[in-house]
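The values are calculated or read from the model by the stated rules, or taken from the named source; none is laboratory data. No experiment lies behind these values; they were computed from the predicted model shown. Here the Cβ positions follow ideal geometry from the backbone for every residue, glycine too, while neighbour counts run over all protein chains shown.
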Amino acid sequence: MTAETALTAEEIAHYEAAVGRRMEETATLAPEIAARFSSTLGDVHYPTRDTLALGRQWGFFLPVVTKGTTGPDGHPVRGGFIPAIRLERRMFAGGTMQRLGDVRLGVETTKTTTIESVERKAGAQGDLIFVELVMLFAQEGAPVLEERQTIVYLEPGGAVPLPAPVPPSELPSGETMEDFTPDEVDLFRFSAVTFNGHRIHYDQPYATGVEGYPALVVHGPFIASKLLDLAMRTRGRNADRFSFRARRPAFVNQPLRFVADADGAGYQLRAVRADGQVAMTAEVGFAGAD
């Protein structure tokens, strides 16, 4: 980014003016949607089919987008609730979520989203804009789930190389691991179940020629969901708290190793790419005794 293209003080002020903005949505959590999300991860339920497992709220409250309201990257056109931030690339950088009660399927649910902060930071490629969202889910007037999301906007960087595979390292004693190689069908299904139209996940010419990736990109929320799912399957029940942070992109048809390290009432988690670099770190917690 040059001095001529850098964000102006007026643009920053316009973005920051959105802080405190709220949006309320209401939907019934249909069991069939929960089943589709579950089948995308492995069709495991915690603890019953009547309760939505932590993290699977990502299958609900999805944007209603038409071809005419879709931007060139496949996301909805910018503007509206979140201001139209000019930086070209946007990514889900991380988040936290905490159950406040049982999230019941088949029940009308209200989701209230608030823009908590908009912050400008300096990055290696120029300006970064971080948008923090807080989402509160309520059923019958009682809060049942709180989620926070960090969305980052940035300028495209240089071409990203494809990770060069290396032999996997030995795991320390006590760690649980699972290998997963996401293919094009996996990426399609996660895009479908979350109504994610970002072209880096299915349009290879766009991913490589426009955004500079070496292959289709695995969704950050897909990796986060698989990590959380590993922890819940290992513990055998629904989680109460989860947080994650994206570190590096991962790519289609390259193996990922999901690792869970027991830590008190939960796990420290990581997703490791074929080259041994960490794609994502996460923490999960379980309340009460097993």
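Things worth noting here:
- Yes/no for Phe222 being buried (at least 18 other Cβ atoms within 10 Å of the Cβ), of a type in the set (A, V, I, L, M, F, W, C), touching a His at 6+ places or on another chain (Cβ under 6 Å) and closer than 13 Å to Val252 by Cβ: no
- Counting the residues of the stretch 120-155 that are under 25 Å from Glu10 (Cα atoms) and among the basic types (Lys, Arg) gives 2.
- Single residue of Gln204, Gln139 found to be closer than 24 Å to Arg241 by Cβ and of a type in the set (S, T, N, Q): Gln139
- Pairs, first closer than 29 Å to Tyr267 by Cα in the stretch 212-228, second part of a helix (DSSP H, G or I) and of a type in the set (Lys, Arg), C-beta under 8 Å, six or more apart: Ser225/Arg56
- Pairing residues of the stretch 58-71 that are in contact (Cβ under 8 Å) with a residue 60 or more places away in the chain with residues that are among the basic types (Lys, Arg) and surrounded by 10 or more Cβ atoms within 10 Å (Cβ to Cβ), at Cβ distances under 7 Å and at least 6 apart in sequence or on separate chains, gives Gly59/Arg36.
- Among residues that are in contact with a Ser or Thr (Cβ under 9 Å, 6 or more places away or on another chain) and either farther than 17 Å from Phe61 by Cα or aromatic (Phe, Trp, Tyr) (or both), Phe180 is not included.
- Residues satisfying the stated conditions in the stretch 157-179, i.e. in contact with a Lys or Arg (Cβ under 7 Å, 6 or more places away or on another chain) and surrounded by fewer than 16 Cβ atoms within 10 Å (Cβ to Cβ): Pro168, Met177, Asp179
- For the stretch 62-106, a residue qualifies if it is surrounded by 12 or more Cβ atoms within 10 Å (Cβ to Cβ) and of a type in the set (D, E, K, R), and the qualifying residues are Asp73, Arg78, Arg86, Glu88, Arg89, Arg90, Arg99, Asp102, Arg104.
- Answer residue from the stretch 154-178, given it is among the hydrophobic types (A, V, I, L, M, F, W, C) and part of a loop (DSSP other than H, G, I, E, B) and is farthest from Met91 (Cα to Cα) among those: Leu171
- Some residue of the stretch 241-260 being at pLDDT 95 or above, within 19 Å of Arg99 (Cβ to Cβ) and surrounded by fewer than 20 Cβ atoms within 10 Å (Cβ to Cβ): yes
- Residues that are among the basic types (Lys, Arg) and at pLDDT 95 or above were ranked within the stretch 8-44; the one that is nearest to Lys111 (Cα to Cα) is Arg22.
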